[in-house]
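The values are calculated or read from the model by the stated rules, or taken from the named source; none is laboratory data. Computed from a predicted model, the values in this text were never measured in an experiment. Virtual Cβ from ideal backbone geometry, glycine too; neighbours counted across all protein chains shown.
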Amino acid sequence: MTNGSDRRHFIKLGLVGTAAMVAGCSTGNGDHPNDPDEVKGTKPISPGKGPIILSTWDHGMAANAKAFDVLQAGGSVLDAVEQGVMVTESDFSNRSVGLGGLPDRDGIVTLDACIQDHNGKAGSVAFVQRFEHPISIARAVMERTPHVMLAGAGAERWAEENGFARRDLPMAEDARKSWEEWKAKNPLIQAAGDSARVNVENQRMGGKDNHDTIGMIALDANGQLAGSCTTSGLAFKIHGRVGDSPIIGAGLFVDGDVGAACATGTGELMIKIAGSHTVVELMRQGLAPEDACREAVERILRKNPGMTGQQVGFLALRADGAYGGYSLYNGFNFALNTATENKLIDAAFAKKWE
Ligand code: ASP
């Protein structure tokens, strides 16, 4: 799906072999620009056509609505992507984002989040417990420290020192039940520490009660891009496991000159191909957003022959407002919010669940 998809407005890397690589992709476009004027640098070449807000899964509808209001009220696109996903983090009935998320193997909810602005500044927290808004801690890491990423106990201590209050939430009854059932069904897997196999089952079940990170990417009316990503990670993961969602380049990547991308699904697969960065770089080389997402999914497939049952999905938003999404399996949807539209879209996909 594209919106204003004139790829000729897009910059090409002047790298030897780039054109050959793009032409060789199964989903590549034969008509990517090769005008020498467009093969020079990384300046923005087209005015933005925002506001356009995209976010993963149906919980994205409420998050997008908030982000849109923030933009309408004169907030920055960074404010919008932060406050948008805070809605999802505060929805304690959500079992895949925030403190209401399903716990890890040990019954502990651990949270990951990151944020990135138009100029590539970034902040991130991983493996943090008992904070309602990891996305805001991630933003504070970006704005108040020389670092990009803080993790675990150190991140928690820094957050408290910087005014973020701990929040203790008892595990919801249904979450506890799911965890108890998982433990009862999987004593061996649990003992072996192989929660990945169980997560395949979770992914199969689909839907937002299992594992559906919120990633949000947005473009404002001034052509500024930003993105955010926040999650409780895969259900019943090994304690200490961190997925793609707080990793800049894996769960989220923003380059104001080109576009933004975010990811959901099995984080290990995304990390191994630096998924969101890959999508943005493919757009830089001239692929339309949906094609860039598809190529990233196909790369995951090529690198993992024989793999079945793991969902991955990407969203991409180009600097001129073109957008798209693509997933490995059917069932991935995303929310779109513009001045004229506010809807849920089923992403294109490679395979159907059997
Ligand atoms: N990507 C997340 C993770 O691996 C989970 C998800 O999006 O479903 O932690």
Filtering segment 47-72 for residues that are aromatic (Phe, Trp, Tyr) and not in a loop (DSSP other than H, G, I, E, B) leaves a count of 1
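Filter segment 87-104 for residues that are of a type outside the set (D, E, K, R) and either touching a Pro at 6+ places or on another chain (Cβ under 9 Å) or assigned to a helix (DSSP H, G or I) (or both) and give the result. Working first, answer last.
Step one: list which residues in segment 87-104 are of a type outside the set (D, E, K, R), which gives 87-88, 90, 92-94, 96-103.
Residues satisfying the conditions are VAL87, THR88, GLY98, LEU99, GLY100.
Any residue at all in segment 226-241 that's more than 16 Å from the ligand (Cβ to nearest atom) and at pLDDT 95 or above? Quick ask: steps written out before the conclusion?
Keep residues of segment 226-241 that are more than 16 Å from the ligand (Cβ to nearest atom), which gives 226.
Subset that is at pLDDT 95 or above: 226.
Yes, that holds for at least one residue.
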Show the residue pairs meeting these rules: Cβ distance below 9 Å; 6+ apart or different chains; first residue within segment 224-248 and in contact (Cβ under 8 Å) with a residue 12 or more places away in the chain and over 17 Å from LEU269 (Cα atoms); second residue basic (Lys, Arg) and within 8 Å of the ligand (Cβ to nearest atom). none
Out of ARG299, ARG318, ARG294, which single residue is of a type in the set (Lys, Arg) and more than 16 Å from the chain's Cα centre (by Cα)? ARG299
If you check GLY107, GLY75, GLY120, GLY84, which single one turns out to be in contact with a strand residue (DSSP E or B) (Cβ under 7 Å, 6 or more places away or on another chain), in a loop (DSSP other than H, G, I, E, B) and modelled with pLDDT of 95 or more? GLY120
In segment 137-150, is there at least one residue being within 16 Å of the ligand (Cβ to nearest atom) and closer than 19 Å to ILE217 by Cα? yes
State whether the residues of segment 292-300 include one that is touching a Leu at 6+ places or on another chain (Cβ under 6 Å) and among the acidic types (Asp, Glu). yes
Within segment 135-163, take every residue that is surrounded by 19 or more Cβ atoms within 10 Å (Cβ to Cβ) and in contact (Cβ under 8 Å) with a residue 60 or more places away in the chain and give me the one that is farthest from ASP117 (Cα to Cα). MET149
Among the residues that make up segment 199-214, is at least one of them within 16 Å of the ligand (Cβ to nearest atom), part of a strand (DSSP E or B), within 22 Å of the chain's Cα centre (by Cα) and at pLDDT 90 or above? yes
